[in-house]
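A short reminder: the numbers here are calculations on the coordinates, not readings from a lab. Model, not experiment: these values are computed from the prediction. Counting neighbours? That spans all protein chains shown, and the Cβs are built from the backbone with ideal geometry, glycine included.
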Amino acid sequence: LQSTGASERQFIGVDVGGTKIAACLVDAQGRILSSIRQLTDETNPEATLDSIANATQGLLKVSKLDAHSIKAIGFGIPGLVDAAQGIGIASVNLNWKNVAVRAGLEARLGVRCVIDNDVRTGALGEARFGAARGLKHLNYLNIGTGISVVILMDGKFFMGVNGLAGEIGHAILEPGGALCKCGGHGCFEAVASGPAIAARAIEKIKSGKASMLKAYSLDGSWRLTAENVFEAALSGDAVAKETLSEIGVLMARAIQTIALAYDPNVIVIGGGVVQGSKPLFMKIQEELQRLADESWVFRKVFTKDLVKLSALGTNAGVLGAAALAADAQ
Ligand SMILES: [Zn+2]
C-alpha cells in the first residue's frame, strides 16, 4: 500500500451518531472523494472513542492517506459539547458525561482534532456547501428525535450565556400538551419531533378513528414511526393526513417565531423528519404564507425562499465536520 499525502485542498470530516459513524474525505467544493460508515460502539466512552478512531483510520486507509500528512480532522459529536475545551459534556445517545473527546482522539490518531456538536456541524455544512451557501445569517432548524435551532450570525455561532441559545425544542408550542423528557408540557420536541408525530397518530386511532396505521399495533404495543405516518398520508389515510396537517401548523408557528426573532437570510430545515414528507413541508409553507397574509410585520420577513429544506441531507454533518477541519488548518 503506497501512502500519499493529503492535498492542501482535501479535508476529513467525521460525523458521530448514536448508531453509526460516517467518515469522509472532502474537497474544497464539498465533494465527497471517499467515505466509510461503521457502527458506533457505545459500550462505554473508551470503546466509543476506539470506534471513532477506528472509523477514521479506516477512511485514511481507503483514501490511501498517511495520518502524518493530515493537519487536522473535524468531528461532529452528539449532545452538549464544549468545542473550545474539546469535551463531550453529555450525550444521551452515547451515554457519556464529561468525556475528554478531543484528547482521547488525538492520543489514538496522532493528529490534531477539532470537535463540535453535530447539529452545529450540520449548520456549518449547509452554510459552506448547501442551502445557505454564501449567506451570512442562517438559522438551521434540526427536527429529528430532538429539536433545536443553530443560529449563525455573520457566519459565527451565537451560543448565549449558557451555550443553550437555540434550544427551542423546549419552548412551549401546545400549553398543557404532552409531557417532555425535560419535565415541561407541550414542548416543541414533545409535540412535533419524529416520535411525537407517531404518538399523535396513535392517540387519534385510540380515540376510535379508522386508519391503515392500526396494522402497526400488536397486542397493545405500537411499532409506529413518523415514516409510517408519512407513507400513509401519501396513500390518503385520513388520520395520517390530519396528523401531518396539525404538526405542520405547529412547526410553522415555531418557524415564524424564529424568523421574527432573528430575521435571517434563510431558515434551513434539516434532521430528516420534514425531509421525509413533502406534504408536511407543503403544509408548513402554506401555514407560513397564511400567517404572512395576516400580519404585515411577518410579511416583511417572510419570502417564498425563507424556509428551505437541507440541500445536503444526511451528509450535512460530515461536510460541516470537514469544514471545521478546513478552518483549523
Ligand atoms: Zn422539553
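Kindly rank 238-251, 194-207 from highest to lowest mean number of other beta carbons found within 10 Å of each residue.
Sorting 238-251, 194-207 by mean packing, highest first, produces 238-251, 194-207.
List the aspartates and glutamates whose Cα lies under 20 Å from the Cα of Lys204, skipping any in the same chain that are fewer than 8 positions away.
In chain and number order, the partners are Glu174, Glu189, Asp219, Glu227, Glu231, Asp237, Glu242, Glu246.
So, R0 is 30 Å and r is the distance between the beta-carbons of Ala103 and Asp327; what FRET efficiency does that work out to, to 0.05?
The pair Ala103/Asp327 has a calculated efficiency of 0.90.
Step through the residues of region 169-180 one at a time and calculate ³J(HN,Hα) from phi using the Karplus curve (6.51 cos²θ - 1.76 cosθ + 1.60, θ = phi - 60°), rounding each to whole Hz and writing x for Gly and Pro.
x, 10, 7, 7, 9, 10, x, x, x, 3, 5, 9
Run the numbers for Ala210 and Lys278: contour at 0.36 nm per residue of separation, minus the present Cα-Cα distance, in nm.
22.2 nm
Which of rounded, prolate, oblate describes region 186-329, given a ≥ b ≥ c as roots of the alpha-carbon gyration tensor eigenvalues and a/c under 1.5 marking rounded, otherwise prolate only if a/b is larger than b/c?
The shape class here is oblate.
What are the DSSP H helices in the chain that stretch 15 Å or more along their long axis, judged by alpha-carbon atoms, and whose average Kyte-Doolittle hydropathy comes to at least -1.0?
45-62, 118-129, 194-206, 238-262, 278-294, 316-327
Modelled label-to-label distance, Thr314 and Glu227, 7 Å Cα→beta-carbon offset: nm?
With each label placed 7 Å out from Cα toward Cβ, I get 0.8 nm.
Can you pull the one-decimal nm distance between simple spin-label points at Glu294 and Leu39, each 7 Å off the Cα toward Cβ?
Using points 7 Å along Cα→Cβ, the separation is 4.9 nm.
For the cross-link pairs Lys64/Lys308; Lys97/Lys241; Lys156/Lys308, which exceed 29 Å when the distance is taken from alpha carbon to alpha carbon?
Lys64/Lys308; Lys97/Lys241
Quick check on my link table: of Lys71/Lys278; Lys136/Lys283; Lys181/Lys283; Lys20/Lys71, which ones sit more than 31 Å apart, alpha carbon to alpha carbon?
Lys71/Lys278, as the Cα separations exceed 31 Å there.
Give, rounded to the nearest 20 debye, the magnitude of the charge dipole that region 160-254 has about its Cα centre when Lys and Arg contribute +1 at Cβ and Asp and Glu contribute -1 at Cβ.
Charge dipole of region 160-254: 180 debye, to the nearest 20.
Provide Glu46, Glu227 in ascending order of the number of other Cβ atoms located within 10 Å of each residue's Cβ, fewest first.
Lowest count first: Glu46, Glu227.
Under 8 Å for C-alpha pairs, at least 6 residues apart: give me the relative contact order for the chain, rounded to a whole percent.
Once divided by the residue count of the chain, the mean separation gives 21 percent.
Classify region 265-316: rounded, prolate or oblate, from the alpha-carbon gyration tensor (a ≥ b ≥ c, eigenvalue square roots; a/c under 1.5 rounded; otherwise prolate if a/b is larger than b/c)?
Because a/c hits 1.5 or more and a/b fails to exceed b/c, region 265-316 counts as oblate.
How big is the charge dipole of the chain about its Cα centre, in debye rounded to the nearest 20, if each Lys and Arg gets +1 on its Cβ and each Asp and Glu gets -1 on its Cβ?
Dipole about the Cα centre, nearest 20: 420 debye.
Quote the charge dipole size of region 2-87 about the Cα centre in Debye, to the nearest 20; the model charges only the Cβ of Lys and Arg (+1) and of Asp and Glu (-1).
In total the dipole reaches around 400 debye.
Of Arg223, Arg108, Arg299, how do they rank once you tally other Cβ atoms within 10 Å and put the fewest first?
Neighbour counts put them in this order, fewest first: Arg223, Arg299, Arg108.
Using Cβ contacts closer than 10 Å as the measure, can you line up Tyr216, Tyr140 from fewest to most?
Tyr216, Tyr140
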